[in-house]
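Read through the structure below, which is laid out as structure tokens, and then see the notes.
Computed from the coordinates by the stated procedures, all read-outs in this text should not be read as laboratory data. This is a predicted model, so every value here is computed, not measured. Heads up, the Cβs are rebuilt from the backbone with ideal geometry, glycines too, and the neighbour counts pull from every protein chain shown.
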Amino acid sequence: MTTRTRATKATQKDAGHKEGLAKRQKILSAALNLFSERDYSAITIKDIAGLAEVPTSLLYYYFEDKEALFRAALEEAVATAMRNYEQVASKHSEPVDLINDWFQMHVELAEDIRRLVKILMDYSSSQSQSRLLDDVVKKFYDVEIQILSKTIRRGQRAGLFNDTSPQAAAEFASTHLDGIMVRSIIQPKLDIDAAVDTFRKAFWAFVGYRG
């Protein structure tokens, strides 16, 4: 086999791998959309294949069954949310700017976050729970709380915030923002922008910020 032949085969293999990843991602995106819109039990593999515009057989090539696909979709949604949180954290050195941007992210990415919350709600009441996914979900909330509590401590050292527990303040914010997203699922016409802004003011009062 010549060097050129080996290079050609390597290029073809790489292209095939990328195409496979793209197809898998397309299936995951379709699954995320459906799992966030309907109950788990009401969705079929055929529904997901139809939305992804791929043969049903291709879903079974990448995923053992609907439960495996649901788990993969949940992992994907959590990983995306974690990347968003970490990206916000990396952009700012000032505590107030970071927290304000974190609130704004919940407005700008409301649809993605609502989708994640809906899937997490379904997961918590499903038969598809596993130790691995429980750890993924726990890590997601741990990262969120860690980013917020660390930021609040910096604000306290700078004299911007009162001496409330950073952990308690972070959990207060995380829990109430999740609550806004849950309510927006129950009441789709909820003004998320206004709800987040109202909570932002409550949070600043909670930590004693008067800027």
If you average the alpha carbon positions of the stretch 197-211 and of the stretch 96-126, how far apart do those two centres end up, in angstrom?
19
[x] -0.30, -1.06; [y] -0.29, -0.93; [z] -0.38, -0.98: which one is log10 I(q)/I(0) by the Debye sum over Cα atoms at q = 0.08, 0.15 Å⁻¹ as calculated from this entry?
[z]
Would you please state the base-10 log of I(q)/I(0) at q = 0.17, 0.23 1/Å for the stretch 75-192, with intensities from the Debye formula using one equal scatterer on every alpha carbon?
-0.89, -1.39
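Suppose every Lys and Arg Cβ carries +1 and every Asp and Glu Cβ carries -1, with no other charges. What dipole size does the stretch 66-109 come out with about its Cα centre, to the nearest 20 debye?
On the way: 4 positive and 8 negative charges, 40 e Å.
Dipole magnitude for the stretch 66-109 comes out near 200 debye.
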Is there a quick way to get the dipole size of the stretch 73-211? I mean about its Cα centre, with the Cβ of Lys and Arg at +1 and of Asp and Glu at -1; what is the value in debye to the nearest 20?
320
When you count, for each residue, the other Cβ atoms within 10 Å and take the mean per peptide, how do 152-165, 62-75 rank with the highest first?
62-75, 152-165
In whole Hz, what ³J(HN,Hα) sequence does the stretch 45-54 give by Karplus (6.51, -1.76, 1.60; θ = phi - 60°), x for Gly and Pro?
4, 4, 4, 5, 4, x, 5, 7, 6, 9
Using only DSSP helix segments of four residues or longer, with each worth -39500 (n - 2.57), what per-residue ellipticity at 222 nm results for the chain after dividing by its residue count and rounding to 500?
-27500 deg cm²/dmol
In a Debye calculation with equal point scatterers on the alpha-carbon sites of the stretch 18-130 and no solvent, what is log10 I(q)/I(0) at q = 0.11, 0.16, 0.17 Å⁻¹?
-0.42, -0.76, -0.83
Which residues' amide hydrogens lie under 5 Å from the amide hydrogen of GLY208, considering only partners 5 or more residues apart or on another chain, with H built in the peptide plane?
ASN162
List the lysines whose Cα sits under 22 Å from the Cα of LYS118, skipping any in the same chain fewer than 8 residues away.
LYS26, LYS46, LYS66, LYS138, LYS139, LYS189
